[in-house]
Amino acid sequence: MTHRPIILGIVGDSAAGKTTLTRGIAQVLGEENVTVICTDDYHRYDRKQRAEMDITALNPDCNYLDIMQQHLTLLRTGQSILKPIYNHHDGTFQPPEYIKPNRFVIVEGLLGYATRGIRDNYDVKVYLAPPESLRCQWKIKRDTMKRGYSEEDVILALKQREPDSEDFIRPQRKSADVIVTFYPPDDENGTSLNVRLVLRPTIPHPDFSEIFNQQSGHHIDAVRLGLDRDMGKPVDVLEIDSHATLEQVNALEMMLCNELPSLKNFCSSGGNQNLGILAGTTGEILQSYPLALTQLLIAYHMIKATKLV
């Protein structure tokens, strides 16, 4: 490997949308170029043991953080690992898997920023922070449809996990370079979602202000750029509404794609339909411009990071 892998962290609470976001980013980077690691595989106890011990998977004591850190350090230097496998369907452990890092490594999970040693391995750090009411809806839908739980079980688990979410998951927000918040429009209850992207100055972001300055005479109500404070520090905030049109988001996309030619096939103007894909409430396949642009922006940062190595 000529250059070490570029490592992206995607952290958020259970059912915050990590896998959906990861899927589109991998499409942009090329799935053959991406290794995806789930930090849930580093649980210390299986589902039955956790129930007996009255401990949740969100608690750092329930995870082998030291092995996670060791493995990320090895991956960062291009070395292979023998990674544990946790089966979410039945809550048991499976035989470990031999993992060889590709050009890009995406690490998604609950406790990806739990220690300084783990955080030091990332080139780009993303935190997902949907409103709790929306995350709970997503978790109930996912766990009942894909993981064999009843709705009552999921609701009970959410209540039991809340103290650990507050103590261990949400504080990781402060470590992120980009904070992604998908949220429903005030006047809708469907699957349409707006996005609010907090862009911290910990990594160099695209200068979107140039586009808004060029269009100063035209108010783009569905796409907004502003200044705000997050956890007491100044940040840029980019907001994209669910009703944004292709024309309204195209200028932002083309700015990213013109700077990095490898992204051009994934701009909407090129007719690409692979980004922003999500399942509707009845299983239908939908495409979201806010999600697509978020995936494209994070992939942009990954590719930019390769030029800094």
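Points to keep in mind about this one:
This table checks each residue for (1) at pLDDT below 95; (2) among the aromatic types (Phe, Trp, Tyr); (3) surrounded by fewer than 19 Cβ atoms within 10 Å (Cβ to Cβ).
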| residue | (1), (2), (3) |
| --- | --- |
| Ile67 | no, no, yes |
| Gly117 | no, no, yes |
| Tyr122 | no, yes, no |
| Gln137 | yes, no, yes |
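- Count of the range 249-269 residues which are farther than 19 Å from Lys304 by Cα and either open to solvent by 50 Å² or more (accessible area, probe 1.4 Å) or in contact with a Leu (Cβ under 6 Å, 6 or more places away or on another chain) (or both): 3
- Gln79 passes every criterion in (1) of a type outside the set (A, V, I, L, M, F, W, C); (2) farther than 24 Å from Pro163 by Cα; (3) in contact with a Lys or Arg (Cβ under 8 Å, 6 or more places away or on another chain); (4) open to solvent by 50 Å² or more (accessible area, probe 1.4 Å) apart from (3).
Conditions (1) assigned to a loop (DSSP other than H, G, I, E, B); (2) open to solvent by less than 30 Å² (accessible area, probe 1.4 Å); (3) at pLDDT 95 or above; (4) in contact with a strand residue (DSSP E or B) (Cβ under 8 Å, 6 or more places away or on another chain), marked per residue:
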| site | (1), (2), (3), (4) |
| --- | --- |
| Pro95 | no, no, yes, yes |
| Tyr98 | no, no, yes, yes |
| Asn102 | yes, no, yes, yes |
| Val107 | no, yes, yes, yes |
| Gln172 | no, yes, yes, yes |
| Asp186 | yes, no, no, no |
| Thr191 | yes, no, no, yes |
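- Looking at the range 1-92, the helices (runs of 4 or more DSSP H) lying wholly inside it that each contain 2 or more residues that are in contact (Cβ under 8 Å) with a residue 12 or more places away in the chain, farther than 30 Å from Tyr289 by Cβ and out of contact with any Phe, Trp or Tyr (no Cβ under 6 Å at 6 or more places or on another chain) sit at 47-53, 65-76.
- So Ala176, is it modelled with pLDDT under 90 and open to solvent by less than 30 Å² (accessible area, probe 1.4 Å): no
- Of Asp41, Asp54, all but one fail to be over 30 Å from Val195 (Cβ atoms) and among the charged types (D, E, K, R); the exception is Asp54.
The values are calculated or read from the model by the stated rules, or taken from the named source; none is laboratory data. All of these numbers come straight from a predicted model, not from anything done at the bench. Backbone-built Cβ (ideal geometry, glycine too); neighbour counts: all protein chains shown. Each accessible area value is taken on the protein alone, full model and side chains, heavy atoms only, with ligands, DNA and RNA left out. Shrake-Rupley method; radii C 1.70, N 1.55, O 1.52, S 1.80 Å.
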